[in-house]
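See below for the structure under consideration.
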Amino acid sequence: EYRMRAKDGSYRWILARGKIMERQEDGAPSRVVGTHTDITFLKELQQSLVASQKRFSQAFTYAPIGKALAALNGSWMSVNPALCQILGYSETELLGIKFQDVTHPEDLALDARSVLELLNGQRMTYEVEKRFVTKAGSTVWVQLNVSCVSGTDGRPSYFIMQAHDVTSRKQAEAKLRHSEAQFASFMDNLQGLAWIKDETGTYLYAKIGRAH
């Protein structure tokens, strides 16, 4: 395969084939038959495919959220650095275990139901907030999005997963709920009158506490 310059100055990719058809008595070739096939279009398709694969690889590798491809049995096929950072495993370590191995035990049933619906064609994707267990044993909350990719035969082939770490938000929500519960408990047991006003003097909250 090589390029040849056309009359208009452009270059065309050529697939050249040749075969010796006759030889002289001393073995030297005396007649050769060859063909030239223009494969420029095929070369352009290959180059476009390589460029597309490179863009996908870069988007996968450098994405700020966890991304992965997983087999139907849950084995990791490919994981990006962000997912490794979330879970605390190296790429090699993650590729040696399954999706189920890092899922919080209490969330396994939720995943199983959703995955079954994907495999049965009942939905194209599912999104859920769930827990992963890191290599160090700590729990992280992620917003997980999973889609199923089908092969040329139309049957499920593998899963595409995206995981966004929402641990900080979940912790903030838990602290807020705790604070609100403490405030409500305090007000329920308060004796006398209590209120909250804004800067204009408008009442935002008012409660008459328990009598002595």
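Of the GluC sites (Glu not before Pro) found in region 135-212, those in coil by DSSP whose Cβ has at most 12 other Cβ atoms within 10 Å are GLU199.
The percentage of C-alpha pairs in region 1-102 whose separation is greater than 17 Å is 70%.
Seen against the Cα atoms of the chain and their longest principal axis, helix 108-119 is set at about 40 degrees. Counting Cα-Cα pairs of the chain in 5 Å increments starting at 0 gives whole-percent bin shares of 1, 6, 9, 11, 10, 8, 6, 6, 7, 7, 7, 6, 4, 3, 2, 2, 1, 1, 1, 1, 1, 1, 0, 0, 0, 0. Binning the C-alpha pair distances of region 111-212 at 5 Å intervals from 0 yields a P(r) profile of 2, 10, 12, 12, 11, 9, 8, 8, 8, 7, 6, 4, 2, 1, 0, 0 %, listed from the shortest bin outward.
Based on alpha-carbon centroids, what's the gap between region 5-75 and region 139-212 in Å, whole number please? Distance between centres, Cα-based: 55 Å. Given the options GLN182, GLN191, GLN58, which has the most mean-square fluctuation in a GNM of the chain, springs set between C-alpha atoms less than 10 angstrom apart? So, out of GLN182, GLN191, GLN58, the one fluctuating most is GLN191. Overall dimensions of region 148-205, expressed as equivalent-ellipsoid semi-axes from the Cα gyration tensor (√(5λ), whole Å, largest first), are 52, 14, 10. Atom-type composition of the exposed protein surface of the chain places 54 percent of the accessible area on carbon and sulfur (1.4 angstrom probe). Taking all Cα pairs closer than 8 Å and separated by 6 or more residues, the relative contact order of the chain comes to 12 percent.
Relative to the longest principal axis of the Cα atoms of the chain, helix 167-188 runs at roughly 10 degrees.
Nearest 10 degrees is fine. How inclined is helix 40-62 to the longest principal axis of the chain, computing both from alpha carbons? Compared with the principal axis, the helix lies near 30 degrees. Which lysines, on any chain, are close to LYS170 with Cα under 28 Å apart, when same-chain ones fewer than 8 places away are left out? Within the straight-line cut-off, LYS170 pairs with LYS67, LYS98, LYS130, LYS135. Solvent-accessible surface of region 43-109, taken per residue with a 1.4 Å probe and all protein chains present: 59 Å².
The values are calculated or read from the model by the stated rules, or taken from the named source; none is laboratory data. Quantities reported herein were computed from a predicted structural model and do not represent experimental measurements. A quick note on method: Cβ atoms are made from the backbone with ideal geometry, for glycine too, and the neighbour counts reach across all protein chains shown. For accessibility, only protein heavy atoms count, side chains too; no ligands or nucleic acids. Shrake-Rupley method; radii C 1.70, N 1.55, O 1.52, S 1.80 Å.
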